[in-house]
Amino acid sequence: MQQIKILGTGCPKCKNMEANAREAVKLKGVAAEIIKVEDIQEIMAYNVLSTPVLVIDEEIKIKGRVPTVEEIAQLL
Amino acid sequence: MFDWIQMLADGLVYGLLGLEQHSRWGEALSFFIYDSIKILFLLMLITSLMGIVNSYFPIDRIRNFLSRNKLYGAEYLLASTFGAVTPFCSCSSVPLFIGFVKGGIPLGVTFAFLITSPLVNEVAVAMFIGIFGWKTTLIYVSSGILLGTVGGYILGRLRLEHLLSDWVKGVLHNAQQEDAWEEERLNFRQRLPVIGREAIGIVKSVFWYVIVGIGIGALMHGFIPTGFFEAWITRDNPLAVPLAVLMGVPMYSNAAGVLPVVQVLVQKGVPLGTALAFMMAVVGLSLPEATLLKKVMSLKLIAIFFGVVTLCIIISGYVFNLIF
């Protein structure tokens, strides 16, 4: 099972990314767990400068922008 | 450059809707349509241009550049300039702050970036060009960058590192230059859809602020007599600038919402410098930002940060009034 993490402090962009990730998982029909990380110390452990960040299986895939559903689906 | 929009707006209001020329509602409506189209057009243009710059020059590269080079004081000016060209979302200010500290960038330089970032950005620039023209935009942008540079330098000299939150001090202790940085390797054709999407996203996110701001501005334009504000905010009143700034600090709006209102204030007799200082206080400092920063610094440091920036804004208000 894949693990998807959304890093973000709770701004609208981060919520959009989470919604798109859920949509992408449904679209692909894969088994994936989506975790929203809002704690700033935990976020900083990934050494990123801009949010939101998409992490798949502990690897940073996209940072600082909201990807489309299709884009996330391709990464899964 | 924008004559066609004015003709369109006038044709719509006076021709199609048949409102009387120079009537209050007619003037307000024509002003509203003209300003909305012009500003949305400029917003789309400038956000796309800035999007291209940012796609090739992302924040990670800026951080690494600042952390690797010894610049003998120029780093304040550079950080402030970078703050102007990077898009700013207040929710990113904390990760950004930590990221800079982690990369070994001095606190004052980080502050320089943080001060300029909300003051000068693509939305503010687009609206400034639309409302006040190129010359005023240039003066605003350069004074915004100067403000960040000076504010950052002062805060740097105050040596405030001990006022950071404990866990941030830990980060500071382990600070190191970071070179690791993987770039998304894309050509221009691949980047373009992303840039376009981002630009549309930004315009969408400020759309209602712009419309409501212009709406309020249009009503004031049509109904408040010229010179109305002069009664109490006059050029001769030495307290006008600090009062306007202190009123603006706790308020929160982005440039998109506040600029149309500032435009009308100026038209109705408020000195441009006083109005600009008010605007800088509204967009540059706010209570929500203070709440966010609480996660990384003590209340005392936030107070000093806000105090220094407020002072700088007041001074620039006086300077603006001398220039204009």
- Item | Residues (in a strand (DSSP E or B) and either β-branched (Val, Ile, Thr) or away from every other protein chain (no Cβ under 14 Å) (or both)) located in segment A:52-76 | A:Val53, A:Val55, A:Ile56, A:Ile60, A:Ile62
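Any chance segment A:15-38 includes a residue that's at positive phi and either among the acidic types (Asp, Glu) or under 11 Å from the mean Cα position of the chain (by Cα) (or both)? Give the steps one after another, and end with the answer.
First, pick out the residues of segment A:15-38 that are at positive phi: A:29.
From what is left, the residues that are either among the acidic types (Asp, Glu) or under 11 Å from the mean Cα position of the chain (by Cα) (or both) are none.
No, segment A:15-38 contains no residue that is at positive phi and either among the acidic types (Asp, Glu) or under 11 Å from the mean Cα position of the chain (by Cα) (or both).
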- Scan segment B:13-43 for residues that are surrounded by fewer than 16 Cβ atoms within 10 Å (Cβ to Cβ) and either at pLDDT 80 or above or β-branched (Val, Ile, Thr) (or both) and report the count. 2
- Could we say that B:Ser142 is in a helix (DSSP H, G or I), away from chain A (no Cβ under 13 Å) and without any contact (Cβ under 8 Å) to a residue 24 or more places away in the chain here? yes
- Message: Among (1) out of contact with any Lys or Arg (no Cβ under 6 Å at 6 or more places or on another chain); (2) within 14 Å of chain B (Cβ to nearest Cβ); (3) not hydroxyl-bearing (Ser, Thr, Tyr), there is one condition A:Ile6 misses while meeting the rest; what is its number?
- Response: (1)
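Could you grab me the full set of residues in segment B:278-315 that are among the hydroxyl-bearing types (Ser, Thr, Tyr) and in a helix (DSSP H, G or I)? First the steps, then the outcome.
Taking segment B:278-315 and keeping what is among the hydroxyl-bearing types (Ser, Thr, Tyr), we get B:286, B:291, B:298, B:310.
Within segment B:278-315, B:Thr291, B:Thr310 qualify.
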- Message: I'd like the full set of residues that are within 19 Å of B:Leu158 (Cα to Cα), in contact with a Ser or Thr (Cβ under 6 Å, 6 or more places away or on another chain) and within 12 Å of another protein chain (Cβ to nearest Cβ), limited to segment B:98-124.
- Response: B:Phe100, B:Ile105
- Note on the structure: Among residues of segment A:9-19 being within 12 Å of chain B (Cβ to nearest Cβ) and out of contact with any strand residue (DSSP E or B) (no Cβ under 8 Å at 6 or more places or on another chain), the residue nearest to B:Phe97 (Cα to Cα) is A:Thr9
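Does B:Leu107 satisfy the condition of being hydrophobic (A, V, I, L, M, F, W, C), within 23 Å of B:Leu311 (Cβ to Cβ), touching a Lys or Arg at 6+ places or on another chain (Cβ under 9 Å) and modelled with pLDDT of 85 or more? I'd like the intermediate steps shown before the answer.
On the way: hydrophobic (A, V, I, L, M, F, W, C): yes; within 23 Å of B:Leu311 (Cβ to Cβ): yes; touching a Lys or Arg at 6+ places or on another chain (Cβ under 9 Å): yes; modelled with pLDDT of 85 or more: yes.
Yes; evaluated as a whole, the condition is true for this residue.
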- Within segment A:42-51, restricting attention to residues that are assigned to a loop (DSSP other than H, G, I, E, B) and more than 9 Å from chain B (Cβ to nearest Cβ), which residue is surrounded by the fewest Cβ atoms within 10 Å (Cβ to Cβ)? A:Ala45
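Suppose the filter is touching a residue at least 24 places away in the same chain (Cβ under 8 Å), over 27 Å from B:Phe57 (Cα atoms), surrounded by 19 or more Cβ atoms within 10 Å (Cβ to Cβ) and more than 9 Å from chain B (Cβ to nearest Cβ); does A:Ala31 pass it?
Values: touching a residue at least 24 places away in the same chain (Cβ under 8 Å): yes; over 27 Å from B:Phe57 (Cα atoms): yes; surrounded by 19 or more Cβ atoms within 10 Å (Cβ to Cβ): no; more than 9 Å from chain B (Cβ to nearest Cβ): yes.
The answer is no for A:Ala31.
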- Would segment B:101-110 turn up any residue that is within 30 Å of B:Phe32 (Cα to Cα) and in contact with a Gly (Cβ under 7 Å, 6 or more places away or on another chain)? no
- Are any residues in segment B:242-257 under 17 Å from B:Glu289 (Cα atoms) and at pLDDT 85 or above, and if so, which ones? B:Val245, B:Leu246
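Can you name the residue in segment B:218-241 that is among the small types (Gly, Ala, Ser) and at pLDDT below 80 and is also nearest to B:Met127 (Cα to Cα) among such residues? Let's see the steps before the verdict.
Applying the first criterion (among the small types (Gly, Ala, Ser)) to segment B:218-241 yields B:218, B:222, B:227, B:231, B:240.
Keeping just the survivors that are at pLDDT below 80 gives B:222, B:227, B:231.
On the way: B:Gly222: 20, B:Gly227: 24, B:Ala231: 28 Å.
Only one residue fits best here, namely B:Gly222.
Quick check on my filter: what residues within segment B:192-209 are among the aliphatic types (A, V, I, L, M) and surrounded by fewer than 17 Cβ atoms within 10 Å (Cβ to Cβ)?
Kept after step one, since they are among the aliphatic types (A, V, I, L, M), are these residues of segment B:192-209: B:192, B:194-195, B:199-200, B:202-203, B:206.
If the condition is that a residue be among the aliphatic types (A, V, I, L, M) and surrounded by fewer than 17 Cβ atoms within 10 Å (Cβ to Cβ), then B:Leu192, B:Ile200 are the ones that fit.
The values are calculated or read from the model by the stated rules, or taken from the named source; none is laboratory data. Computed from a predicted model, the values in this text were never measured in an experiment. Positions of Cβ are backbone-derived with ideal geometry, glycine not excepted, and every protein chain shown enters the neighbour counts.
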